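*Asks:* One structure is given below, represented as structure tokens, and several questions about it will come after.
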Amino acid sequence: MSIDTLTESIISLAYVGIKSEVHTFIHIPLRFSTQAISITSSPLVAHAGDSVTLAWNNSPNDTDWTLFLVNATVFLSLYQSWDNINPDPGSAVLLLRADLEPGNDYQFRIVQSNWVDYVLAFGPQFSIVA
């Protein structure tokens, strides 16, 4: 299935028609992203307060996104964020907060800037040591 066919299918599913007494429809748009990003390089072990390099693959027309540092095993855990990341360079050097607790379940997540609940890519879990 091509991306155009998939996009058309998603768009056609994204509108819910609700028929009323006067035979009109209410259209409810469903938000989605067509960005294709994958994280290709992430640290295995990092030190709180150090810089780490994150690399990714993306499509030429991808828009800016936001990067979250989370605990991969805890719902709604956000330890640090970087806004308006330009995807074109394919990598970024990130300074980790110095007060991050040591642990094994840290993860980078690339999210859509205007809809942060929409995760575009997950990095592997990594450890932060003292």
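*Asks:* If I go through region 52-109 residue by residue, how many of them are within 15 Å of the chain's Cα centre (by Cα), polar (S, T, N, Q) and over 24 Å from residue 130 (Cβ atoms)?
*Replies:* 8
*Asks:* Kindly indicate the residue of region 49-76 that is open to solvent by 50 Å² or more (accessible area, probe 1.4 Å) and among the acidic types (Asp, Glu) and also farthest from residue 39 (Cα to Cα) among those meeting that condition. I'd like the intermediate steps shown before the answer.
*Replies:* Restricting attention to region 49-76, the residues satisfying the condition of being open to solvent by 50 Å² or more (accessible area, probe 1.4 Å) are 50-51, 53, 57, 60-61, 63-64, 73-76.
Next, only the ones that are among the acidic types (Asp, Glu) stay: 50, 64.
On the way: 50: 20, 64: 15 Å.
Among them, the one singled out is 50.
*Asks:* Name the one entry in 16, 22, 116, 93 that is at pLDDT below 90, in a strand (DSSP E or B), open to solvent by 20 Å² or more (accessible area, probe 1.4 Å) and among the hydrophobic types (A, V, I, L, M, F, W, C). Steps first, please.
*Replies:* Details: 16 fails: in a strand (DSSP E or B); 22 fails: in a strand (DSSP E or B); 93 fails: at pLDDT below 90.
Just a single option satisfies the conditions, and that option is 116.
*Asks:* If you don't mind, there's one more thing I want to ask. Yes or no: region 70-82 includes at least one residue that is part of a strand (DSSP E or B) and without any contact (Cβ under 8 Å) to a residue 12 or more places away in the chain. Please lay out each step first, then the result.
*Replies:* As a first pass, look at region 70-82 and keep what is part of a strand (DSSP E or B): 70-71, 80-82.
Then keep just the ones that are without any contact (Cβ under 8 Å) to a residue 12 or more places away in the chain; that gives none.
Taking every residue of region 70-82 in turn, none turns out to be part of a strand (DSSP E or B) and without any contact (Cβ under 8 Å) to a residue 12 or more places away in the chain.
*Asks:* When you look at residue 50, is it over 12 Å from residue 106 (Cβ atoms) and at pLDDT 90 or above, yes or no? Walk me through it before giving the result.
*Replies:* Working: over 12 Å from residue 106 (Cβ atoms): yes; at pLDDT 90 or above: yes.
So residue 50 passes the test.
*Asks:* Turning to a different aspect of this structure: Out of (1) open to solvent by less than 90 Å² (accessible area, probe 1.4 Å); (2) under 16 Å from residue 44 (Cα atoms); (3) assigned to a strand (DSSP E or B), what's the single condition that is false for residue 100?
*Replies:* (3)
The values are calculated or read from the model by the stated rules, or taken from the named source; none is laboratory data. No experiment lies behind these values; they were computed from the predicted model shown. Note that we place each Cβ from the backbone using ideal geometry, even for glycine, and neighbour counts take in every protein chain shown. Areas reflect the complete protein model, heavy atoms only, side chains present, ligands, DNA and RNA absent. Shrake-Rupley method; radii C 1.70, N 1.55, O 1.52, S 1.80 Å.
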